[in-house]
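One structure is given below, encoded as structure tokens.
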């Protein structure tokens, strides 16, 4: 790209980026920004905590910033940071992150009807910015309805504010975490942060059984080489959740697995 | 930065992206069976537990840490009580870390 070369390079880039955006109505975007604004303080605190957690797990400032920018993966970053620092096999790191983010698969399945009319590049672009806040705000408002420019504007409005808030706050956390003395034990923040995500998910007996089984297996298999205990525990826990649900009949109200009911994690 | 870390970051990013894009990219008539969706709801719960439990209960030498001087466990207990009472994630974390800090300072 040439600098100041008549703007043709920049113009092309700009047109390329604009082609990624779905058709949007101005009022839709405004509405999206409006409903997202109240969630930003919680999200910002969350971002700072996640940033601190990644650095305290042992990632360098540069690595943590890069990780956050590349992955945009919220809690999966906090979970995988210590695995990466410990040098766990990449397959274990990747599958653990994937397991945590499988909820996006459910979101995609639940709201894709709103996006099917769009060209593939716009659908992929929309999908990239999805997170827990867009997930809950969008499904609450529109769910399975067919999309209009109002809907897409609403979605883009939510996503843009969500994205900016996350990156600003997480970067601050990464830089702050690096300054805090080691004696404060801030690395415990990472565990508490994951615990705070975990507790609201335990809504029925199958979840409680799954947590107990997963915890027992994870602790019992901690000596397995290559951190394979993590995967063993996830698979065993998942099977026991499903088995418990089968045995007790379906839960009264199927709850989607959003990581955070308060909408704090993305 | 090592190749290992870069590969780790990129792999996590690709996995997350694949989950996000999935049904956005597939034709409309392709959907997941209800039973699979129900099973998938439990995946984040199990993944988080599999990481949290050893972090609270296992020492760095792989021995079990059920002792009273395991401040992390006390912090987690305090956080759980705070969650049950206030149902707020930031309060949960704040109480947990405050408990840990108080115990740490008392033990000094």
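Filter the range A:181-190 down to the residues that are free of Cβ contacts under 8 Å to residues at least 12 places away in the same chain and assigned to a helix (DSSP H, G or I), then identify the one that is farthest from residue B:108 (Cα to Cα).
Within the range A:181-190, the match that is farthest from residue B:108 (Cα to Cα) is A:188.
For the condition over 19 Å from the mean Cα position of the chain (by Cα) and at the interface with chain A (Cβ under 7 Å from one of its Cβ atoms), what is the one hit in B:23, B:97?
B:23
Looking at the range A:72-90 only, could you name the residues that are outside any loop (DSSP other than H, G, I, E, B) and touching a residue at least 24 places away in the same chain (Cβ under 8 Å)?
A:75, A:76, A:77, A:78, A:79, A:81, A:82, A:83, A:84, A:85
Would a scan of the range A:1-10 turn up a residue that is surrounded by 15 or more Cβ atoms within 10 Å (Cβ to Cβ) and away from chain B (no Cβ under 14 Å)?
No, because not a single residue in the range A:1-10 is surrounded by 15 or more Cβ atoms within 10 Å (Cβ to Cβ) and away from chain B (no Cβ under 14 Å).
Just the residues that are touching a helix residue (DSSP H, G or I) at 6+ places or on another chain (Cβ under 6 Å) and surrounded by fewer than 24 Cβ atoms within 10 Å (Cβ to Cβ), please, taken from the range A:177-187. Break it down into steps so the answer makes sense when it comes.
In the first step, residues of the range A:177-187 are kept if they are touching a helix residue (DSSP H, G or I) at 6+ places or on another chain (Cβ under 6 Å); the result is A:177-178, A:186-187.
Passing the criteria: A:178, A:186, A:187.
Out of A:87, A:74, report the one residue that is on the phi > 0 side of the Ramachandran plot and facing chain B (nearest Cβ under 8 Å).
A:87
Say we look at the range A:203-234 and pick out the residues that are at pLDDT below 90, within 21 Å of the chain's Cα centre (by Cα) and more than 19 Å from residue B:72 (Cβ to Cβ); which of these is nearest to the other protein chains (Cβ to nearest Cβ)?
A:234
Can you confirm whether residue B:106 is modelled with pLDDT of 85 or more, more than 10 Å from every other protein chain (Cβ to nearest Cβ) and within 28 Å of residue A:98 (Cα to Cα)?
no
Just to check your reading of the model, which residue among B:64, B:90, B:84 is facing chain A (nearest Cβ under 9 Å), farther than 19 Å from residue A:182 by Cβ and buried (at least 16 other Cβ atoms within 10 Å of the Cβ)?
B:90
Conditions (1) at pLDDT 90 or above; (2) surrounded by 12 or more Cβ atoms within 10 Å (Cβ to Cβ), marked per residue:
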{"residue": "B:11", "(1), (2)": "yes, yes"}
{"residue": "B:14", "(1), (2)": "yes, yes"}
{"residue": "B:17", "(1), (2)": "yes, yes"}
{"residue": "B:35", "(1), (2)": "no, no"}
{"residue": "B:45", "(1), (2)": "no, yes"}
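Say whether the condition of being surrounded by fewer than 23 Cβ atoms within 10 Å (Cβ to Cβ) and within 12 Å of chain B (Cβ to nearest Cβ) is met by at least one residue in the range A:161-168.
no
Against the condition free of Cβ contacts under 8 Å to residues at least 40 places away in the same chain, more than 7 Å from every other protein chain (Cβ to nearest Cβ) and under 25 Å from the mean Cα position of the chain (by Cα), how does residue B:30 come out, does it pass?
no
Kindly indicate which of A:193, A:170 is more than 30 Å from residue B:108 (Cβ to Cβ) and in contact (Cβ under 8 Å) with a residue 24 or more places away in the chain.
Answer to the selection: A:170.
Condition test on residue B:57, is it more than 30 Å from residue A:106 (Cα to Cα), within 9 Å of another protein chain (Cβ to nearest Cβ), touching a strand residue (DSSP E or B) at 6+ places or on another chain (Cβ under 9 Å) and at pLDDT 85 or above?
So residue B:57 passes the test.
Here is a list: A:102, A:43, A:33. Which entry is more than 8 Å from every other protein chain (Cβ to nearest Cβ) and at pLDDT below 90?
On the way: A:102 fails: more than 8 Å from every other protein chain (Cβ to nearest Cβ); A:33 fails: at pLDDT below 90.
Testing whether each residue is more than 8 Å from every other protein chain (Cβ to nearest Cβ) and at pLDDT below 90 leaves just A:43.
Go through the residues of the range A:127-145 one by one and say whether even a single one is within 10 Å of chain B (Cβ to nearest Cβ), within 22 Å of residue B:14 (Cα to Cα) and surrounded by fewer than 21 Cβ atoms within 10 Å (Cβ to Cβ).
yes
The values are calculated or read from the model by the stated rules, or taken from the named source; none is laboratory data. Bear in mind that the values here come from a model prediction, so they are computed numbers and not experimental data. In this analysis, Cβ positions are derived from the backbone assuming ideal geometry, glycine residues included, and neighbour counts consider all displayed protein chains.
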